[in-house]
Amino acid sequence: MVIIQLAGGLGNQMFQYALYLQLKDLGREVKIDDVSGFAEDPQRMPALAPFGVSYDRPSGEEMIRMLDSSMLFWHRVRRKLFGRHKKSYFEQGKLFIPDVLTWDDIYLEGYWQTEKYFRQVERQVREAYDTDRLAAYLERVGAWKKSAGQYLEEIDSGCSVSIHIRRGDYLTPGNQKLYGGICTDAYYIEGIRQMRERFPGCRFFLFTNDRAWAAGDGARMFSAPDTTWIDLSGGDNDYTEFVLMSRCKHHILANSSFSWWASYLNKNPGKTVLAPQRWLNGVDNSDFYRADMQKVTLLQEP
């Protein structure tokens, strides 16, 4: 048996579930632990239900066996004397590890952020994350606002380009070392220039998780007549924004799995997907880039 820990935000969970589908296709007995990964992360929770996906969950006994976590007295004594014998692997780097697809009797902790972990089941993954079905679900539960429909009409009617600007948690001191200085103003300015050059008359749709910045400095920085800020004020609109972003014809990505997946699910066969030169600081993320992603080269990298 393989148990995959579900953890992180929406995009990360999508990678984890895609690995689940790949292992299932390989005939493996595989289950998803959607509890442990959120025990110390109160800001996040399992996020895949709106897609209508399902997965097998491990029993308490299976978790105890895999993580050597029995609270019986003699097991606690043994762990104190000889250490814990977890059958687990924690993803150390960000490069594809082919052996992960062959392992068994193991608990997997990580994000598995490359399509190489699910390339053989691409069709199943795209079906699982069908954004039309997601939009229908949002409308059914009353989460699809009138403004979202208006934005979608604009996006569908012309040469639309999404711009994803990830701020919020990326700006904390702990995250700046990893994410900072990558998707700079210069990166977005150059990406916009390239899109205008390739697609004269295109229209940009900006998505960000920092509403206060968008209403202030962001609005002043990106204020061209061909630019529309996506504003779905009030409530949790991540899924709606994900649908809208995926329906754009082309993309300027943030170094975020959210816009990675939105661009991946874009059905436009002629899409252009622009991405930053590096994804994380000090980490080899070369497997994160897809063949359809083009790196934006700046004259002077920060």
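The values are calculated or read from the model by the stated rules, or taken from the named source; none is laboratory data. Computed from a prediction, not measured in an experiment: that's the story for all the values here. Please note: Cβ atoms are built from the backbone with ideal geometry, for glycine as well, and neighbour counts cover all protein chains shown. When the accessible area is computed, the model is the full protein with side chains, heavy atoms only, and any ligands, DNA or RNA have been set aside. Shrake-Rupley method; radii C 1.70, N 1.55, O 1.52, S 1.80 Å.
Among the residues of segment 8-26, those identified as open to solvent by less than 20 Å² (accessible area, probe 1.4 Å) and either more than 17 Å from the chain's Cα centre (by Cα) or farther than 25 Å from Asp238 by Cβ (or both) are Gln22, Leu23. The criterion of at least 3 residues that are closer than 18 Å to Ser160 by Cβ is met, among helices (runs of 4 or more DSSP H) falling completely within segment 187-302, by 238-247, 257-265. Within this structure, Asn255 fails the test of being without any contact (Cβ under 8 Å) to a residue 24 or more places away in the chain and open to solvent by less than 70 Å² (accessible area, probe 1.4 Å).
Residue by residue through segment 27-44, note down the ones that are surrounded by 13 or more Cβ atoms within 10 Å (Cβ to Cβ), hydrophobic (A, V, I, L, M, F, W, C) and in a loop (DSSP other than H, G, I, E, B). Correct list: Val35 only.
Taken as a whole, segment 160-167 holds no residue that is open to solvent by 30 Å² or more (accessible area, probe 1.4 Å) and over 25 Å from Asp236 (Cβ atoms). Filtered by the rule that a residue be surrounded by fewer than 19 Cβ atoms within 10 Å (Cβ to Cβ) and either modelled with pLDDT of 95 or more or in a loop (DSSP other than H, G, I, E, B) (or both), segment 174-186 gives Gly180, Gly181, Thr184.
All of Arg198, Arg203 fail the test of being out of contact with any Phe, Trp or Tyr (no Cβ under 7 Å at 6 or more places or on another chain), in contact (Cβ under 8 Å) with a residue 60 or more places away in the chain and under 19 Å from Ser263 (Cβ atoms), apart from Arg198. Among the residues of segment 45-58, those identified as small (Gly, Ala, Ser), open to solvent by 20 Å² or more (accessible area, probe 1.4 Å) and part of a loop (DSSP other than H, G, I, E, B) are Gly52, Ser54. Scanning segment 59-80 turns up no residue that is within 23 Å of the chain's Cα centre (by Cα) and modelled with pLDDT of 95 or more. Among the residues making up segment 84-114, those that are part of a loop (DSSP other than H, G, I, E, B), open to solvent by 30 Å² or more (accessible area, probe 1.4 Å) and of a type in the set (D, E, K, R) are Arg84, Lys86, Lys87, Lys94, Asp104, Asp105. Of all residues in segment 121-130, exactly one satisfies the criterion of being open to solvent by less than 10 Å² (accessible area, probe 1.4 Å), under 14 Å from Asn266 (Cα atoms) and assigned to a helix (DSSP H, G or I), namely Val125.
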